[in-house]
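Each remark here refers to the structure printed beneath this line.
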Amino acid sequence: MHLYAEMKLTGDGYAGGFSCGLTMYQSRTMEGFAKKSESPEAVRYENGDGVVLTVHKRQDGEAIRTWTEVENNSLKEIAMELLTSFALKDVRADRIHRLQSFWSAEGKLRTETIEDLHLEKSWSGAGVRVEKFGNVGSMPVRKYFPFLALEDSLSGKFLAVQLYCASSWQMEILCRESELFTVTGGIADRDFGQWLKKLAPGERFVSPEAVIAEGTSLSQVCDRLVRAQHPKISPADGDMGIAFNEFCTTWGNPSFENIKKICDKLEGKGIRYLVIDCGWYGGAKDWSRNIGDWEVNEESFPGGLKQAADYIRSKGMIPGLWFEMENVADQSRSFQNTEHLVKKDGVALTVGNRRFWDMEDAWVTDYLEKKVIRTLKEGGFGYVKVDYNETMGMGCDGGDSPGDGLYRKVAASRRFFERIRQEIPDIVIENCSSGGHRLEPSMMELVSQASFSDAHETTSIPIIAANLHAVIRPEQSHIWAVLRADDSEERIFYSIVSTFLGRMCLSGDIYDLSDEQWRLVEEGMAFYRKAADIIKYGATVYRSCSTASYNHPQGEQVLIREWKNRGLVILHRFENSEDILPAFPEGSRILFEYGRADRDFSAKAWIYER
């Protein structure tokens, strides 16, 4: 593996080989750079005009963290239309692994051979072969995760990369004269993401980071990437506390009375957080049409939110509150406040019924300081769920290009997340974007938890939850078990066992459950607490999933996670499943078990000790 960088300046020639419009790699810009110095931490290149390109790298556990810095020490302005976070030469691979993602179907593994992708080099090496993919917009986990793994089946070696970029990004796999590959990635370039960035003399620009890991299996390199993530977990959230979110209970119509009813039912059951979700504010009946003004609905919460938050605390739980703070909706007054909204071509950018606050605007951040941070402080909330339910698309005004404008707006949003934590140091922040659209590592490092998906009551929940072990820490993956009064025992087991794949979150008709149903739920909560350290600290060492469909899953899924001398085995059966017993390590003994997997759509979990 040889680590370097790729860059393209406007005005310089493209590489040829029938590649213009497909890729900007190996442009004339790169021909002008010569290596000036090299150390274990950085490689420094410089061109004849005084532009300096530095590839930084440092060890991060069993992975390498890298980023690229450009300094314009020339006498004139330069304009970049490509800058990679990483570039790797001479990679040997015959199989490519990516993670696809759409709403409520996040993280599906897609594995293809080099032949499938038509990436065999040409007979003469005259033409570039390239596979370029990524995301354009402010929902970085849409279509694909910013993740790539390459496998060389002959040697049994794997190489995997994660990009830390919450706006438009890209990755490329290329070959021309050799069967070895060049692999690059970073901000989506001018061709793919309409990105161009100008640097005046004396200015510099630093790319987003990337993390690279090598190993002997896909699960091993994924584990090494995930362990290189360093999230800012709240001091209040270190022991895997259980959450209750009332969204699937009130469906966007919370009130003091129904929150009080939920509290009374949950008292003494060991729930850490009770989150008041969308709809607590006044205005439109449809909760999604009135975001942006953030005025408490006095009919639902007479006297404000503090009474409800205080009642939640009186029952031994930490109160949480939902915001979609970066966006505004069409039936709010804020929707018409176009002076402070993101624009494209000089007009407020509208997507569906959403517009977007300009998070670079000091007026906006002062407004959100009052509406979000002050509301949390004055109400005594210890948890905030930050949702984000649309994407800005390819870009906006406010930068050197639409892509640069988007990059700047998203960077400003990330700074406001940091501001929340600075103002309320112990706050637990949940990252949500219609479920999982912002499950990328630069966002995950700002928060304690994240919504794994919006697949609240689907049979695909355990499949999605298991997928995410490859890219985020399970201790941050907030998985829903929605409980209904008509749930069978099998359905309760299926739902509760799914949460063992991450953080347990309950919702649903909890005050209508029978005593027997509650007994099964509480047994599951007790098992979860026993498994918490394995979920938090362990490594996922095995996963088998036989289904191709998420809407109609078939077969079975088994996942094993181990930590020290203990392991957690999770089995889900889907339609047309077989009656199987997972293979436990030789000489191990079962310590605890929960559930019953004796038919389709049932589930069971075990904790064993070697």
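The values are calculated or read from the model by the stated rules, or taken from the named source; none is laboratory data. Keep in mind the model is a prediction, meaning the values are calculated, not measured. Neighbour counts are summed over all protein chains in view; Cβ atoms, including those assigned to glycine, are modelled from backbone coordinates with ideal geometry. SASA here: full protein model, heavy atoms, side chains in, ligands and nucleic acids out. Shrake-Rupley method; radii C 1.70, N 1.55, O 1.52, S 1.80 Å.
Quick notes on this one:
- Loop-located trypsin sites (Lys or Arg not before Pro) in region 259-364, at most 16 other Cβ atoms within 10 Å (DSSP): Lys285
- Derived value for region 278-373: Kirkwood hydrodynamic radius 14.4 Å. Basis is the mean of 1/r over every pair of different alpha-carbon atoms.
- Computed from label points 7 Å out along Cα-Cβ, the spacing between Ala526 and Asp49 is 7.1 nm.
- Kirkwood hydrodynamic radius of region 398-462, Cα pairs, Å: 13.5
- Whole-number percent relative contact order across the chain, with pairs defined as alpha carbons under 8 Å at least 6 apart: 12
- According to the Cα-based calculation, Rg over Rh for region 154-290 is 1.15, with Rh computed by the Kirkwood formula.
- Leu218 contributes about 40 Å² of solvent-accessible surface, heavy atoms of the protein only, 1.4 Å probe.
- Mean accessible surface per residue for region 472-593, computed with a 1.4 Å probe while every protein chain stays in place, in Å²: 40
- Ranked from largest to smallest solvent-accessible area, with a 1.4 Å probe on the protein heavy atoms, Phe500, Phe247, Phe18 come out as Phe18, Phe247, Phe500.
- Expressed as a whole percent, the accessible surface of the chain that belongs to carbon and sulfur atoms is 46, based on a 1.4 Å probe.
- Three semi-axes of the equivalent ellipsoid, region 486-610, Cα gyration tensor, whole Å, largest first: 23, 19, 13
- With all protein chains modelled, accessible area of Phe574 [1.4 Å, Å²]: 0
- Stokes-Einstein diffusion for the chain at 25 °C, viscosity 0.890 mPa s, with a Kirkwood radius from C-alpha pairs, works out to 96 µm²/s.
- Taking label positions 7 Å along the Cα-Cβ direction at both Ser549 and Asn576, the computed distance is 0.8 nm, reported to one decimal.
- Between Glu369 and Ala583, residue separation times 0.36 nm minus the direct Cα-Cα distance comes to 71.7 nm.
- Within the assembled protein chains, the solvent-accessible surface assigned to Met525 is about 0 Å², based on a 1.4 Å probe.
- If the segment from Val206 to Glu38 were pulled out straight at 0.36 nm per residue, it would be longer than the present Cα-Cα gap by 58.6 nm.
- Dipole size of the chain about its Cα centre, with +1 on Lys/Arg Cβ and -1 on Asp/Glu Cβ: approximately 860 debye, rounded to the nearest 20.
- Full extension of the chain between Leu154 and Glu62 yields a length gain of 30.9 nm, computed as 0.36 nm times the residue separation minus the alpha carbon distance.
- Net charge over other residues, Cβ less than 11 angstrom from the Cβ of Val141 (K, R count +1; D, E count -1): +1
- Interchain or long-range residues, amide H under 5 Å from Tyr45's placed H: Lys36, Leu53, Thr54, Val55
- Under the combined filter of DSSP loop state and at most 15 neighbouring Cβ atoms within 10 Å, region 248-309 retains these chymotrypsin sites (Phe, Trp or Tyr not before Pro): Trp251.
- Percent of Cα-Cα distances greater than 12 Å, calculated over region 1-56: 66
- DSSP-assigned coil residues among trypsin sites (Lys or Arg not before Pro) in region 54-156, each with at most 16 further Cβ atoms within 10 Å: Lys76, Arg92
- Listed residue pairs exceeding 18 Å between alpha carbons, taken from Lys285/Lys371; Lys269/Lys315; Lys536/Lys564; Lys157/Lys564; Lys89/Lys132: Lys285/Lys371; Lys157/Lys564
- Applying 1/(1 + (r/R0)^6) with R0 = 30 Å to the Cβ-Cβ distance of Ser514 and Lys564 gives a FRET efficiency near 0.20.
- Distance between the 7 Å Cα→Cβ label points at His118 and Glu295: 5.8 nm.
- Helix 218-227 axis, angle to the chain major axis (alpha carbon atoms, nearest 10°): 80
- Per-residue HN-Hα couplings for region 424-432 [Karplus 6.51, -1.76, 1.60; θ = phi - 60°; Hz; x = Gly/Pro]: 10, x, 8, 4, 8, 9, 9, 8, 9
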